[in-house]
Amino acid sequence: MKPIPQTVFITGCSSGIGHTTATSLKNRGHRVICSARKSDDVNRLIAEGFECLPLDLADSDSIRQAVAQLIAITDGKIDALFNNGAFGQPGAVEDLSREVLRNQFETNFFGTHELTNLLIPLMRAQGHGRIIYNSSVLGLVAMKFRGAYNASKFALEGLADTLRLELRGSGVHIVLVEPGPIESRFRQNAFAMYRKNIDPEHSVHRETYKAMEARLQKPGPAAPFTLPATAVAEKVIHALESQRPKSRYAVTVPTHLFAWLKRLLPTTWLDKILVSVE
């Protein structure tokens, strides 16, 4: 059955999950409004036939300008928001400066929160809406040398869980999508942030960083059970089109596995498993 067309705003559409999800929803007849941080990506997406707005989640002015444009082109009727825009900052926790950790949160958490809060009143007024957060298996369990990203996704999960309770009865549904390893440019982008912000030569972890550098630069899937970005898009489609969306959608075997292990195992046992994960 053909879905009822909805207007969906998606952050972080330059590649990977955002681009694939935008394409999938557009192909199903939904009106998709993309966003990207770089002007070259915005222009490319427009050339591909998308409506696209410039949006830098680390910049409040950019967020407010994007929302103003979004309201203008939709007459304030926005059925769903897919909070996908994010990046990963690798590095040992003790090698993360306050500024580097803050930058991770500005995009992955604070910017997402600010954007969401600007759109909630519109959804409340129309009596319906879907706010879908792209979280991670690293919002459920922590893995070493990913502390900044772990923390941002743990925070996002807590915020979304709270918002779901507070919006109960409003007609606005809150959904968390929790991918594991997905084919995307995530590792390439993470490697760039590692090179920019981590000084491996002056770290006690310098030998470990060598192996991490190799993993981040490895072509193709770097972890078992890696799925294409369409696996996430399928969950977003269900969250958008289902009359009663789930609160959480796990994607990939690792997400299902670690969610199950976290419920069953003592922390010390789970740590023994997690410490072996590269």
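Readers should treat all values here as calculations from the given coordinates under stated rules, not as data from a laboratory. Keep in mind it's a predicted model, so treat the numbers as computed, not measured. A quick note on method: Cβ atoms are made from the backbone with ideal geometry, for glycine too, and the neighbour counts reach across all protein chains shown.
So which of ALA155, ALA190 is part of a helix (DSSP H, G or I), of a type in the set (Gly, Ala, Ser), in contact with a helix residue (DSSP H, G or I) (Cβ under 9 Å, 6 or more places away or on another chain) and buried (at least 18 other Cβ atoms within 10 Å of the Cβ)?
Testing whether each residue is part of a helix (DSSP H, G or I), of a type in the set (Gly, Ala, Ser), in contact with a helix residue (DSSP H, G or I) (Cβ under 9 Å, 6 or more places away or on another chain) and buried (at least 18 other Cβ atoms within 10 Å of the Cβ) leaves just ALA190.
Can you find, within segment 17-41, the residue that is nearest to GLY220 (Cα to Cα) among those that are surrounded by 20 or more Cβ atoms within 10 Å (Cβ to Cβ) and in contact (Cβ under 8 Å) with a residue 60 or more places away in the chain?
ILE17
For segment 65-91, enumerate the residues that are on the phi < 0 side of the Ramachandran plot and out of contact with any helix residue (DSSP H, G or I) (no Cβ under 7 Å at 6 or more places or on another chain).
Those that are on the phi < 0 side of the Ramachandran plot and out of contact with any helix residue (DSSP H, G or I) (no Cβ under 7 Å at 6 or more places or on another chain): GLN65, ALA66, ALA68, GLN69, LEU70, ILE71, ALA72, ILE73, THR74, ASP79.
Out of segment 161-187, which residues are under 23 Å from GLY88 (Cα atoms), in contact with a helix residue (DSSP H, G or I) (Cβ under 9 Å, 6 or more places away or on another chain) and in a helix (DSSP H, G or I)?
Hits for segment 161-187 are PHE186, ARG187.
Based on this model, can you work out whether ALA47 counts as without any contact (Cβ under 8 Å) to a residue 12 or more places away in the chain and of a type outside the set (D, E, K, R)?
yes
Do the conditions hold for PHE258, that is, is it surrounded by 13 or more Cβ atoms within 10 Å (Cβ to Cβ) and in a loop (DSSP other than H, G, I, E, B)?
Here the answer is no, as PHE258 does not meet what is asked.
I need the helices (runs of 4 or more DSSP H) fully contained in segment 39-106, keeping only those with at least 1 residues that are under 21 Å from the mean Cα position of the chain (by Cα), within 26 Å of VAL232 (Cα to Cα) and among the β-branched types (Val, Ile, Thr).
Those helices (runs of 4 or more DSSP H) span 39-47, 60-74.
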